[in-house]
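Undergrad: The structure is given below, and queries will be raised subsequently.
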Amino acid sequence: MTLAIVIGALLGVVFAGLVRLVDRRRQVPLYAAGLVVAAAIYVVFALPAAGRGWLLVELGGLLLFTALAVAGRRRPALIALGWLLHVAWDGLLHQPTHAPFVPVAYPALCIGFDLVVAVAAYLAARRSDPH
């Protein structure tokens, strides 16, 4: 599990580094889009293998994280908050004993990724704030 978190964090550094290469005005929207994709991945996992209840949970998560991404257009720090909340989504909800349809190492990988990206999204939000 620790190795998966480290690998996820390294992937988060790569993603954040790539985002930093684009125009400053596009960085926060890229973090917002990434948040929606991160939530959608769990829906994809649930489609073929989980029951209707799990699919509804994952769709609810997708709705929540999409709402935070959209609200982040006006308040960019909400996108960073969304990434932090996604850490809880990964760690509390998607352990193999709870969600057997999720690949075993994926939640830990995602936790590492999400933590790094939450910090990067917060810093991008601060840079984009005109005040």
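Undergrad: Take the Cβ-Cβ distance between residue 13 and residue 56 as r, set R0 to 30 Å, and report the resulting FRET efficiency rounded to the nearest 0.05.
TA: The calculated FRET efficiency here is 0.30.
Undergrad: Continuing with the same structure: Which of the helices in the chain meet the span-like rule: DSSP H, Cα axial reach of 20 Å or more, Kyte-Doolittle mean at least -0.5?
TA: 2-20, 24-49, 52-71, 106-128
Undergrad: Using only Cα positions of the chain, each an equal point scatterer, no hydration layer, compute I(q)/I(0) via Debye at q = 0.13 Å⁻¹ and quote the log10 values to two decimals.
TA: -0.51
Undergrad: Among rounded, prolate and oblate, which fits the stretch 43-119 when a ≥ b ≥ c are the square roots of the eigenvalues of its C-alpha gyration tensor, a/c under 1.5 means rounded, and a/b larger than b/c means prolate?
TA: Verdict is oblate for the stretch 43-119.
Undergrad: Between residue 21 and residue 41, what is the FRET efficiency for a Förster distance of 25 Å, r being their Cβ-Cβ separation, to the nearest 0.05?
TA: After rounding to 0.05, the efficiency reads 0.60.
Undergrad: Which order do the peptides 89-98, 60-69 take when ranked by the mean count of other beta-carbon atoms within 10 Å per residue, highest first?
TA: 60-69, 89-98
Undergrad: Let me ask something additional. Please report the relative contact order for the stretch 2-128, taking Cα pairs under 8 Å with a sequence separation of at least 6, and give it as a percent rounded to a whole number.
TA: Computed value for the stretch 2-128: 43 percent relative contact order.
Values quoted throughout were computed directly from the atomic coordinates according to the rules given, and no laboratory measurement underlies them. Source: prediction; values computed, not measured. Reconstructed Cβ throughout: ideal geometry from the backbone, glycine too, with neighbour counts over all protein chains shown.
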